[in-house]
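The values are calculated or read from the model by the stated rules, or taken from the named source; none is laboratory data. Fair warning: this is a prediction, and the values are worked out from it, not measured in the lab. Counting neighbours? That spans all protein chains shown, and the Cβs are built from the backbone with ideal geometry, glycine included. Accessible surface areas use protein heavy atoms only, side chains included; no ligands, DNA or RNA. Shrake-Rupley method; radii C 1.70, N 1.55, O 1.52, S 1.80 Å.
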Amino acid sequence: MRASPRWLLVLCVGVIVLAGTPPAAQGPPYDMVLRGGRIVDGTGSPWYRGDVAIRGDTIVRIATEIRESAARVVDVSGLIVAPGFIDIHTHARRGIFNVPTADNYTRQGVTTVMEGPDGSSPIPLAPFLAKLDALPKSVNIGTFIGQGSIRSEVMDGVNRAATPEEIGKMRALVEAGMTDGAFGLSSGLFYVPGTFTPTSEVVELAKVAGRLGGIYISHMRNEATGVVDSVKETIAIGELGGLPTQVTHHKIIGKPYWGRSIDTLRLIDEARARAVDATVDAYPYTASSTSISAALLPASALEGSRLQTLKRLTDASTRAAVKKEVVRAMQEERGGGDPKNVVLASCEFDPSLAGKNLADVARMRNLDASVDGAADAALWIVEQGDCQGIFHAIGEEDLERILRHPATMIGSDGEVPIFGRANPHPRSYGTFVRVLGVYVRERKVLSLEEAIRKMTAFPAQRLGVADRGLLRPGMKADLVIFDASKVRDAATFERPHQYAEGVVRVVVNGQVIFENGAMTPARPGVVLYGPARRTR
Ligand SMILES: [Zn+2]
């Protein structure tokens, strides 16, 4: 059959339709092109010069030069272009609903925050995740399910081993958390009620998270005198539970124990050598932060409810025994050997106490400013309703050794503060840029590429997030653009409410959330779900 002109026309139109609309009719091929930056791609490989093209929420092309038109072309010459930072340990749920822009994080280049650390998470997770999903926010957020919260739910925080029936209930809650979208099981075996949990019980829960593709991440039982045994325990839980295991915010607390990171990191190396998938995260500060009660009082004083704690402290001999433990913690552990090394971060019962140290509080209470007087002041604080504290008791050498280790990634352990309120640990404002400014540029502890790997591809791989953490075509367009010569943390312990400097522009899911020193109106953050999520 000979094709009639009409058939030819239909054929031609068909070919044109199949080939797609001509580019001119479709508008520019890219939504944004970042031109001329130094690309640090997250792998740890040396930087290279190139252009990055974004369409929608995705990186679609990276090349030496991208000449095609774009809705927006941004000159980033002289600047570093890196994947957005992924913070594997945050307490963002305290503040993300007050400050959905999470300025303290986004201005550092953090584009994803992980919640539910230290054994503490909402139970069940689904309503919390739905509420987060509905919240217009600047950053992506995911969560772990907390072992301590699960134990409280089933056993009310008592100090005894669980019965087989209780373990069954807890395993079911881990499974529910994982299928709701958790990335794994977190524990805080230092805290009540985690501290009452035998290792074997944690292993039983870890097995469930592991079977569903999750990881185990632990604020260990003891980061001072028992730090080596605690790392052994964390490794054993990974080994017996059959899942990746992570020592979170690894540090050595208390001067008598400084130097033990040599042993703890050797344990990590040995575990890895026998195929146990053990890793570490850390923040770049020599002070930690938690409540005064958790840091300084023995777990036996904190068992059960707050009322029970208060009642115990009214008994003279119990109080004396508790005080003895507080004195020891002041001398050897989080107290840092000097009451001045314990600074109050925030106190709901008296906000004016924020910024004062335990020696100041002792004097205010007409006590002497010795460790003994400070211990009495600490008990008084707990009785009044407790405070968050900052504890200067970490050695710099251990910190650098831990940061340098190839199996260590960066995590802030921070929160989303309300700007100007209370006296929080500066890690919330400065962790990532402090690593880049102090430990890369000034002290040269890490190369820029290695530091960025620890903030991007490494945590993404750890979480099993396959489409973030690298600059590659096909990956989600989470990016940070910064000036390597200027990036720095401005937040200090004395003046924590100061944003990071040197970060020029931050992109989340293809949308600019921060530029020209200000947050934009874009709220492109999404909830990230773990590997076992089932949608109901
Ligand atoms: Zn912790």
Out of everything in segment 196-221 that is open to solvent by 40 Å² or more (accessible area, probe 1.4 Å) and within 22 Å of the chain's Cα centre (by Cα), what residue ends up being farthest from the ligand (Cβ to nearest atom)? GLY213
Within segment 241-294, of all residues that are under 18 Å from HIS91 (Cα atoms), out of contact with any helix residue (DSSP H, G or I) (no Cβ under 7 Å at 6 or more places or on another chain) and β-branched (Val, Ile, Thr), the one surrounded by the fewest Cβ atoms within 10 Å (Cβ to Cβ) is THR290
Quick one: which strands (runs of 3 or more DSSP E) lie wholly within segment 434-536 and hold at least 1 residues that are within 21 Å of PRO46 (Cβ to Cβ) and not acidic (Asp, Glu)? 479-482
Hey, VAL526 in contact (Cβ under 8 Å) with a residue 40 or more places away in the chain, open to solvent by less than 20 Å² (accessible area, probe 1.4 Å) and of a type outside the set (Phe, Trp, Tyr) or not: no
Open to solvent by 10 Å² or more (accessible area, probe 1.4 Å), part of a loop (DSSP other than H, G, I, E, B) and under 25 Å from GLN246 (Cα atoms) - does that describe any residue in segment 381-390? no
State all residues of segment 451-493 that are open to solvent by 40 Å² or more (accessible area, probe 1.4 Å), closer than 26 Å to THR248 by Cα, out of contact with any Asp or Glu (no Cβ under 7 Å at 6 or more places or on another chain) and touching a residue at least 40 places away in the same chain (Cβ under 8 Å); if no residue qualifies, say none. ARG453, GLY464, THR492, PHE493
Within segment 220-238, does at least one residue satisfy the condition of being in contact with a Lys or Arg (Cβ under 7 Å, 6 or more places away or on another chain), under 26 Å from SER300 (Cβ atoms) and small (Gly, Ala, Ser)? yes
Could you check segment 88-105 and list, in sequence order, the residues that are outside any strand (DSSP E or B) and within 16 Å of the ligand (Cβ to nearest atom)? ILE88, HIS89, ALA92, ARG93, ARG94
From the option list ALA71, ALA130, single residue qualifying as away from the ligand (no atom under 16 Å from the Cβ), modelled with pLDDT of 95 or more, in a helix (DSSP H, G or I) and exposed (fewer than 15 other Cβ atoms within 10 Å of the Cβ) is ALA130
For residues that are of a type in the set (Gly, Ala, Ser) and open to solvent by 20 Å² or more (accessible area, probe 1.4 Å), tally how many sit in segment 503-521. 2
